Amino acid sequence: MRPAALRAASTLARATRSPRVAYCAPSRSLRLFSTSPAFRNAALSPTAARDFKATSPGDVLEAKQDPSETVLAFNDVDTFPRRHIGPSASSVQEMLATLDPPVASLDDFVRQVVPESILSGRSLEIGPISETTSKATQKHWTENGVPESIFLREGQRIFDQNQPGVSYIGQGYYGTRVPEVIKRNVLENPAWYTSYTPYQPEISQGRLESLLNFQTMLTDLTGLSIANASVLDEPTAAAEAMTLSLGQLPTSRQKRQNKTLFVSDRCHPQTIEVLRSRADGFGIKIETGDVLANNCKRVGEIGDDLVGVLAQYPDTEGAVEDFRELADKVHKHGALFSVATDLLALTQLTPPGEFGADIAFGNAQRFGVPLGFGGPHAAFFATSDKIKRKMPGRIIGLSKDRLGNPAARLALQTREQHIRREKATSNICTAQALLANMSAMYAVYHGPEGLKNIARQVVAMTRSTQQALIDYGYKTGQRGRLNDAPAAFDTFVVATGEKTSEIISLAHSHADWVRKLDDQHIGLSFGEASTSAEVMHLLSHFRKAAGIEKEQSIIGKVAVDPPTGFKRTSEFLTHRVFNSHHSETELLRYIHHLQSKDLSLVHSMIPLGSCTMKLNATAEMAPVSWATVNNLHPFMPLDKTEGYQVMIKQLEGDLANITGFHSVSLQPNSGAQGEFAGLRVIRKYQEQQPGKKRDICLIPKSAHGTNPASAAMAGMRVVTINCDTVTGNLDMADLEVKCKKHAEELGAIMVTYPSTFGVFEPQIKEVCDMIHQYGGQVYMDGANMNAQIGLCSPGEIGADVCHLNLHKTFCIPHGGGGPGVGPIGVKEHLTPYLPGHLRNETGGDKAIYPVSGAPWGSASILPISWAYIKMMGAVGLTQATKITLLNANYILARLKPHYPIVYTNDKGRCAHEFILDIRKFKESAGIEAIDVAKRLQDYGFHAPTMSWPVPNTLMIEPTESESKQELDRFCNALISIRKEIAAVEKGDQPRDGNVLKMAPHSQLDLLTGDWDRPYTREHAAYPLPYLKEKKFWPAVTRVDDVWGDSNLFCSCAPPNDDTEDINKAIDAPHPT
């Protein structure tokens, strides 16, 4: 057992502490306590061997009350755990009795699932949400959860400590007006935010169409051929541009020792820092400077070492430059030219694709997504046609379904890490789909003319403010070019000289946030949300510092034409979808039309293995819409973000306690980014150790594809470890052989726990000990953390680093393919290396470079996980883990008589997920996993994870949020499908053209044309009685993936008088 106290830690900085020193929360003792009656004879107690937190089904679950009992007056009854956990106390008893073999109690069952050697002898201790309540109340809430109404009250009180103010900082983040129709019907709509990545296109056509709109918006505005469906943030998009540029070079140039990315020093500073983080692992040197100096002379000097050139347009100080000559010179050297840009500016300025850019990327935040203290926002990434098949991230393409009708789908999936593994140049495993959909709807709502009007208004207010400052005697422009030329778009620099500190002090005292560039200059940026009253207030600070009493009017006609030579002449957003939904009525109907095509958690459970599709409770989501949460600029003064700092400190402390680690960083904004960050921390630590370079990373064959991709990106060499073909466990003999072979170079092992095969490996502690013995560090992939909380922890098992998926285990919704958050927890010796940021607000004294554009990544969705932990409490969190294990094993028990199960432990139990074996049916009936997956859609269910980690299988994970009734409905569907397979095996149905091979069945499929199939229309649509009352219809029939990749078309069709649905784009001429 570990010591009874683990330091819960935070990387949250305080203004008073020294740079890059991690903040550690006060230690909390971790006590053993039980909510079940004690056994009278400890010798006979099942817990005698090893204690863990015992609970009974009645603890925090829905249960019948004894009407004869007295009632405590004024006791809060809006408790949360019973709302989050699906099964009632009585259902749990029924499920335990159904297991094979049956089990008497929930805790006896847990002992059959979790190895005794790792069961934790401590109880979780969740920190109090408030210090203002009594100690007794705090204790009750930390154990049993804060009631919903009290959490919302206390959460509002905490975030009211923030001072959003008015931001003029810019630097990639700008004020915007989120249309209420989009806020209410997309951002706050569970039909949009609880869906999964659209791997099953037949039940995802709505958001696929919306993401196709997003891609079309990008290609139109950037002037490039193809765009993806979003990436994590602008700086990581820059890093992806760098690695794509490297990947397209000849192999000989990729291996050059001095390979260099030449980056404009006028890029946003956070972009340059994140580039440095990513460049380390690829051996790329980052050189910053004036990319246009001396007729781009430096490009020629770098020569064959040139990886590419990256510039900003407009740049971080507001200037626009003519990059045509630069682009030509870069291309002559066989490299790519990448441009960070602004979508709103591109409605006025010449797009990058028209001046030679190969890649354009940036942040779509100002298209209707709140500032959010840095995120999440949908970054964008567009490329020229010649490099489209190397583009990172997800791409929506058009194909056709079985009936020949157009259908959207995820294209080019063979680029993903599950296939390419360590050869992948990107580890992107998610996107920012929900935010991309918001930005797409923003463009649909405003249309091209509306966007132009917004952009022109931004220019007008910027230039009006600039002229007022000129009249006050200030010089404006950019550093080195303070010529008072009208601002190109939304940003300019003011030469403030010795008045700089005074102006900033005045501004900050009135909650006006400006950007201090240096001791002599202030930067100002404007957005759609700026108002005349606010700007007059801003100008007053400059006026007072200049000693001028008279106000300068800013209301009046202003010329808004772009600088000479930069005016956009090409049209954009000409497709019908961007010119049809400009009234709220039309947009509302369009949003709900698309929504009706998608299956989400509002319809049924989504049993995706390794994805943890649990409840995203409304109370958890509520803070996201608060202005004190979503209207803060990430680089505003830290002392004005006290509410965020309180929440971050509490969340980091709770996560450290839950995982058994010393410190936590919340910066990584996806699970894959967490992997990368954790491995970079290990690399930095190992570099400080004596001896040879320790860069070998051991990875099991069963690992998630992002693991080897992340290791390669972190500059590590991947060595694969075999798995036992019978149990699925790590091959310990092979592990020892590899450890000995690479003893002097072993850097780390990456291991998922429970394993991706759905079992708790009994020798995990031995694995950790062996790696440490040979000088390595243990990286635990936290994808399956939902099976550990309260029962065991990565830190106690022996891991040194673990990333968490807050969008899985801790209730941030998947959003149809993002956002996500992937924080990392580390042991004390790794704390100094946690990611830093521009102002040293995060990280230790040996911090690695930032991995995200904002200090705390996707900060505005962190309150979701904070809310979940606080409202569940220690007992609720632990009970949720037990129920998630029970739910999985209940399904396993019901399906085991009908399907083979690939892996279980020696007691026949799985962890929180298991693998259903479909392989034998290929020979017996010609049926494969894809056929079962598609047929499940006819039953109203999303398919389990298909053909991973074992080909031609289905991996099922139900989560704790699903009730026994829903689990039974799902089991009945799969049992019914097994009978349909049996009909083929018996010869009652043909091997081809049967109900599984033809699945799914859309309404169009059933209602039109002759019916000559060997099954009835009724059986196709209503194979079980519940479907006649509750039926979700797939929008299309089975989509042809091969046709879609062979005929790649990834944007809307040109406008056409008879084209009503953008999916008609499939008829567009000349697909690439």
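For the range 589-632, a tally of residues being open to solvent by less than 20 Å² (accessible area, probe 1.4 Å) and in contact with a Phe, Trp or Tyr (Cβ under 7 Å, 6 or more places away or on another chain) returns 14. Hey, any hits in the range 671-686 for a residue that's crowded, with 24+ Cβ neighbours inside 10 Å, under 23 Å from the mean Cα position of the chain (by Cα) and assigned to a loop (DSSP other than H, G, I, E, B)? No, the range 671-686 contains no residue that is crowded, with 24+ Cβ neighbours inside 10 Å, under 23 Å from the mean Cα position of the chain (by Cα) and assigned to a loop (DSSP other than H, G, I, E, B).
On the stretch given as the range 520-564, residues that are within 26 Å of V320 (Cα to Cα) and among the charged types (D, E, K, R) total 3.
Within the range 884-904, how many residues turn out to be farther than 11 Å from G758 by Cβ and not charged (D, E, K, R)? Residues that pass the stated criteria total 11.
Picking from residues in the range 78-127 that are under 31 Å from the mean Cα position of the chain (by Cα) and among the polar types (S, T, N, Q), the one that is nearest to K614 (Cα to Cα) is T79. Of all residues in the range 538-553, those being of a type outside the set (S, T, Y), open to solvent by less than 60 Å² (accessible area, probe 1.4 Å) and not in a loop (DSSP other than H, G, I, E, B) number 6. Per the listing A345, A293, A319, the residue uniquely in contact with a Gly (Cβ under 9 Å, 6 or more places away or on another chain) and either aliphatic (A, V, I, L, M) or under 29 Å from L679 (Cα atoms) (or both) is A319. Of the residues making up the range 614-621, not a single one is without any contact (Cβ under 8 Å) to a residue 24 or more places away in the chain, in a helix (DSSP H, G or I) and of a type in the set (D, E, K, R).
The set of residues in the range 954-985 that are open to solvent by 10 Å² or more (accessible area, probe 1.4 Å), within 31 Å of the chain's Cα centre (by Cα) and polar (S, T, N, Q) comprises S961, S963, Q965. Cβ-Cβ contacts under 7 Å between residues 6 or more apart (or on different chains), taken from a first residue in the range 710-733 that is in contact (Cβ under 8 Å) with a residue 40 or more places away in the chain and part of a helix (DSSP H, G or I) to a second residue that is open to solvent by 40 Å² or more (accessible area, probe 1.4 Å) and not hydrophobic (A, V, I, L, M, F, W, C), are listed as A711/E422; A712/E422. Only one entry of L99, L119, L124 meets the criterion of being touching a Cys at 6+ places or on another chain (Cβ under 9 Å) and modelled with pLDDT of 95 or more, and that entry is L119.
Please go through the range 202-249 and pick out each residue that is buried (at least 24 other Cβ atoms within 10 Å of the Cβ), outside any helix (DSSP H, G or I) and on the phi < 0 side of the Ramachandran plot. Scanning the range 202-249 gives S204, L224, I226, A227, N228, A229, V231, L232, D233. When each of A327, A360 is tested for being small (G, A, S) and touching a Leu at 6+ places or on another chain (Cβ under 9 Å), the lone residue that passes is A360. Would you check if I883 is buried (at least 24 other Cβ atoms within 10 Å of the Cβ) and in contact with a strand residue (DSSP E or B) (Cβ under 8 Å, 6 or more places away or on another chain)? Criteria not met by I883. Scanning the range 986-999 for residues that are more than 43 Å from the chain's Cα centre (by Cα) and over 15 Å from D1012 (Cα atoms), we see that the one that is most open to solvent (accessible area, probe 1.4 Å) is K986. For R894, the stated conditions hold: it is modelled with pLDDT of 95 or more, open to solvent by 10 Å² or more (accessible area, probe 1.4 Å), basic (K, R) and in a helix (DSSP H, G or I). Of the residues making up the range 695-707, at least one is open to solvent by 20 Å² or more (accessible area, probe 1.4 Å), more than 26 Å from A237 (Cβ to Cβ) and over 23 Å from the mean Cα position of the chain (by Cα).
If you go through the range 768-790 and pick out every residue that is surrounded by fewer than 24 Cβ atoms within 10 Å (Cβ to Cβ), more than 16 Å from T659 (Cβ to Cβ) and either among the aromatic types (F, W, Y) or under 30 Å from the mean Cα position of the chain (by Cα) (or both), you end up with 1.
Counting only residues that are in contact with a helix residue (DSSP H, G or I) (Cβ under 7 Å, 6 or more places away or on another chain), assigned to a helix (DSSP H, G or I) and open to solvent by 30 Å² or more (accessible area, probe 1.4 Å), how many does the range 84-117 have? Residues in the range 84-117 being in contact with a helix residue (DSSP H, G or I) (Cβ under 7 Å, 6 or more places away or on another chain), assigned to a helix (DSSP H, G or I) and open to solvent by 30 Å² or more (accessible area, probe 1.4 Å): 3 in total.
Considering (1) at pLDDT below 95; (2) open to solvent by 40 Å² or more (accessible area, probe 1.4 Å); (3) more than 30 Å from G289 (Cα to Cα), the lone condition that Q417 does not fulfil carries the number (2).
For the range 897-928, the set of residues classified as among the small types (G, A, S) and part of a helix (DSSP H, G or I) consists of S924, A925, listed by residue number.
Give the range 735-782 a look and list any residue that's in a loop (DSSP other than H, G, I, E, B) and among the small types (G, A, S), or say none. If the condition is that a residue be in a loop (DSSP other than H, G, I, E, B) and among the small types (G, A, S), then A743, S755, G758, G775, G776 are the ones that fit. Scanning the range 150-163 for residues that are open to solvent by less than 30 Å² (accessible area, probe 1.4 Å) and not in a helix (DSSP H, G or I) yields one hit, N162. A424 passes every criterion in (1) among the hydrophobic types (A, V, I, L, M, F, W, C); (2) surrounded by fewer than 19 Cβ atoms within 10 Å (Cβ to Cβ); (3) modelled with pLDDT under 90 apart from (2). When V186 is tested against (1) in contact with a Phe, Trp or Tyr (Cβ under 7 Å, 6 or more places away or on another chain); (2) part of a loop (DSSP other than H, G, I, E, B); (3) aliphatic (A, V, I, L, M), just one condition goes unmet, and that condition is (2). Pairs meeting the criteria (first residue in the range 910-937 and under 25 Å from H1019 (Cβ atoms), second residue aromatic (F, W, Y), beta carbons under 7 Å, at least 6 apart or on different chains) are L916/Y899; I927/F921. Within the range 281-303, restricting attention to residues that are crowded, with 20+ Cβ neighbours inside 10 Å and closer than 25 Å to M716 by Cα, the residue that is nearest to the chain's Cα centre (by Cα) is G281. Considered as a group, the residues in the range 490-537 that are in contact with a helix residue (DSSP H, G or I) (Cβ under 7 Å, 6 or more places away or on another chain) and assigned to a helix (DSSP H, G or I) include one that is nearest to K475 (Cα to Cα), and that residue is K499.
Against the numbered list (1) open to solvent by 10 Å² or more (accessible area, probe 1.4 Å); (2) at negative phi, Q466 comes up short only at (1).
The values are calculated or read from the model by the stated rules, or taken from the named source; none is laboratory data. Because the structure is a prediction, the values reported are computed rather than measured. So basically every Cβ, Gly included, is an ideal-geometry build from the backbone, and we count neighbours across all protein chains shown. Keep in mind that these areas ignore ligands, DNA and RNA; they rest on the heavy atoms of the full protein, side chains included. Shrake-Rupley method; radii C 1.70, N 1.55, O 1.52, S 1.80 Å.
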